[in-house]
Amino acid sequence: MVGSITVEGVRKTFTTADGDTVHALNGVDLQINAGEFVTLIGPSGCGKSTLLRLIAGLDFPDSGTLALDGKKITGPDCERGFMFQNHTLFPWLNIYDNVAFSLRARGIYKEKKDDVAEYIRLVGLEGFEKSFPHQLSGGMCQRASLARALVGHPKVLLLDEPLGALDAFTRMNIQDEILRIHREHGMTMIMVTHDVDEAVYLADRVVIMSARPAKIEKIVPIELGHPRARSSQDFLAYRAEILRRLHFGGKVPDVEYYL
Ligand SMILES: Nc1ncnc2c1ncn2[C@@H]1O[C@H](COP(=O)(O)OP(=O)(O)OP(=O)(O)O)[C@@H](O)[C@H]1O
Ligand SMILES: [Mg+2]
């Protein structure tokens, strides 16, 4: 299987409008295996999106290296799909044309045409092909964005808080869809989230990042099968451990189930 990501010694600084230096990433090392589902969680502004953008090849590190299957990442590529926090559908295109956009741009629409319908079906938007984004709910637009990110068959799907704007029920439904797609297609998935439950529900490993300048604080493997029961004792133990690492554990007595 392909789609492993290697991040080694990555540092990234930015210059603010005032000319100050912001140290976003301070020596990040991370190995993500092909087909793995990893969630990234950490305080706001710590550098999660920066790390995802570097993996996408949308930006470059000051030092350190990033590689996909051992090959240095030097820019964006259709091997790495990106789904942003706010859906970035083109308002002037209907759902079908939005999903088909990247295939047309790459000149492979004719041979991959069937995939457009297939991914629209996979995200449950059959019958809405001719609708425009403003005619769909927020959750449906997120589904369309997911189909658009998937249609190019990326080896790695990068998701930057893709479900943050959704209500809890829609969010849980789409989480299940993402898991199903992950299972069926076996691609590597890296998702940024602020939601601890979401991180535990989806991931093989949860990567906890420290406050800026970010480094990796702790990696928690989630050793639970799917589907996961969100209220099970084991699930809640992982949840408690991650909250504690993020300093939101509250005042609770030390209990044995901490990992
Ligand atoms: N293009 C940029 N120019 C200047 N500073 C930037 C730029 N991009 C990011 N930063 C800074 O780098 C730091 C990390 O930003 P980043 O967007 O990666 O955080 P984040 O962890 O994704 O936060 P959030 O959870 O709020 O989305 C922040 O302090 C931010 O202001
Ligand atoms: Mg972010």
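The values are calculated or read from the model by the stated rules, or taken from the named source; none is laboratory data. All figures in this text were calculated on a predicted structure; none of them were measured in a lab. Cβ: placed from backbone, ideal geometry, glycine included. Neighbour counts: every protein chain shown. Remember, those area values only see protein heavy atoms, side chains included, never the ligands or the DNA or RNA. Shrake-Rupley method; radii C 1.70, N 1.55, O 1.52, S 1.80 Å.
Would you look at the GNM of the chain, springs on alpha carbons closer than 10 Å, and say which of 202, 158, 125 moves the most?
Largest GNM mean-square fluctuation: 125.
For residue 134 paired with residue 173, estimate the spin-label separation in nm (one decimal), with each label point 7 Å from Cα along the Cα-to-Cβ line.
2.4
Take the Cβ-Cβ distance between residue 121 and residue 165 as r, set R0 to 22 Å, and report the resulting FRET efficiency rounded to the nearest 0.05.
In this case the efficiency is close to 0.40.
Which helices, taking whole DSSP H runs in the chain, have alpha carbons extending 15 angstrom or more along the helix axis plus mean Kyte-Doolittle at least 0.0?
Helix filter hits for the chain: 95-105, 138-150.
Which value, in debye to the nearest 20, describes the size of the charge dipole of the chain about its Cα centre when Lys and Arg Cβ atoms bear +1, Asp and Glu Cβ atoms bear -1, and nothing else is charged?
Approximately 320 debye in magnitude.
Please report the net charge: other residues with Cβ closer than 11 Å to the Cβ of residue 227, K and R +1, D and E -1.
+3
Quantify, in whole percent, the carbon and sulfur part of the accessible surface of the chain (1.4 Å probe; protein heavy atoms only).
The nonpolar share, carbon plus sulfur, comes to 51 percent.
Before I look further, what does the chain give for accessible area per residue, probe 1.4 Å, in whole square angstrom?
49
Longer than 24 Å from Cα to Cα, which of 110/130; 71/110; 71/218; 48/113; 112/155 are they? Say none if no pair is.
71/110; 71/218; 48/113
What shape does the stretch 51-157 take by its C-alpha gyration tensor, where a ≥ b ≥ c are the square roots of the eigenvalues and a/c under 1.5 counts as rounded, a/b above b/c as prolate, and the rest as oblate?
It comes out prolate by the Cα gyration axes.
Which value in nm describes the separation of the simple spin-label points at residue 226 and residue 244, placed 7 Å from the Cα toward the beta carbon?
It is 2.8 nm.
Between the stretch 123-177 and the stretch 67-117, how many Å separate their Cα centres?
First find each Cα centre; the distance between them is then 14 Å.
Shape verdict for the chain, please, from the Cα gyration tensor: rounded (a/c under 1.5), prolate (a/b greater than b/c) or oblate.
The shape class here is oblate.
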